[in-house]
């Protein structure tokens with residue numbers, strides 16, 4: 001065995017050990033959150049990715065299945081981490097199964113339907129599997145980028161940049177390198193660089209995990225009927241923080257949330273405080289993790305009241321949506337369903353008012 005092969009073997013073992021340590025931390029601290037559980041699956045898939053090349057027996061089949069779907073677990077983990085309202089749907093599982101089927105076709109049955117070329121899978125199949133992975137990675141990066149402005153969790157906002165700049169670009173590098181038909185010597189060098197990058201990133205992740213507070217991932221969401229009722233936890237008895245008081249006055253009395261497109265910067269201007277302080281206050285003192293959800297809670301509460309008002313029974317739902325601050329019907333319907341688990345029309349038709357969730361307590 002050459003020195004390069006020994007180094008690669010050492011890096012795989014070191015990476016697998018770091019994954020094991022990270023799994024212990026995740027299981028102990030984040031097992032109750034969906035993002036934490038998906039982080040566990042992503043970590044397991046990374047471990048499988050490291051160990052698959054050195055395990056060639058039938059007993060390694062579970063590792064190969066995880067290895068084939070590493071991009072899928074990365075995608076789901078990113079969606080759950082950066083979106084506090086993320087919920088697993090049947091089609092998420094269908095994407096994972098489709099990705100697994102594609103890689104099984106490429107690695108296990110490469111000559112099925114498409115002819116092999118020089119003992120390798122057909123180029124179209126080779127490229128299709130990589131494009132599928134790359135698409136999921138791009139989706140994950142987009143999710144991290146899209147919600148950055150409204151994120152009130154300061155540590156998570158910082159890690160969005162790290163997530164996009166390091167982890168995502170690395171995975172794109174891996175997929176792009178595998179898509180190219182390079183000389184064998186170049187492939188070996190690329191694989192060595194890839195392993196070094198994985199180990200360094202795992203060290204960074206492990207160090208960050210030891211410093212982050214528990215609950216860094218979105219908390220487990222209670223079933224609708226277990227949510228605290230209006231007045232039970234929506235507002236504290238009194239606030240000793242002037243900025244918190246100013247924010248509550250702006251939201252409760254001035255109803256600044258009626259303004260379409262309200263941003264944190266806009267709210268900061270209205271209360272006369274720096275944007276970063278407004279973020280910190282809403283997050284740390286008011287318990288909110290996402291600004292659009294914080295604002296939408298007020299809008300949806302008002303929309304529910306208007307939808308149940310007999311005097312507004314003939315008012316179109318679109319008009320109500322626009323009047324409470326939404327720019328169009330689509331975002332209103334999605335926010336309403338996320339808040340109440342039903343459509344505005346269903347609510348107007350006779351939903352139980354007791355299922356209303358408290359204003360300003362969507363986190």
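What follows is calculated from the coordinates using simple rules that are stated; it is not laboratory data. Here the structure is a predicted model, which means the values were calculated and not measured. Ideal geometry is used to build each Cβ from the backbone, glycine not excepted, and the neighbour counts take in all protein chains shown.
Structural remarks
- Inter-probe distance in nm under a simple model that places probes 7 Å from Cα toward Cβ, at residue 253 and residue 146: 3.8 nm
- The ranking of 201, 339 from fewest to most other beta carbons within 10 Å of each one's beta carbon is 201, 339.
- Computed lengthening from residue 170 to residue 193, 0.36 nm per intervening residue step minus Cα-Cα distance: 7.2 nm
- Cα-projected label distance for residue 131 with residue 343, points at 7 Å along beta-carbon direction, nm: 3.5 nm
- Stretchable slack from residue 91 to residue 109, in nm (0.36 nm times residue separation minus alpha-carbon distance): 4.0 nm
- Ranked list, fewest to most other Cβ atoms within 10 Å of each Cβ, for 255, 270: 255, 270
- Estimated FRET transfer efficiency when R0 is 35 angstrom, pair residue 312-residue 155 (beta carbons, to 0.05): 0.25
- Spacing of the modelled spin labels on residue 55 and residue 23, each 7 Å from Cα toward Cβ, amounts to 0.9 nm.
- Relative contact order, percent, segment 249-355 [alpha-carbon distance under 8 Å, six or more residues apart]: 26 percent
- Averaging the Cα positions of each part gives two centres, and for segment 2-27 and segment 48-113 these lie 20 Å apart.
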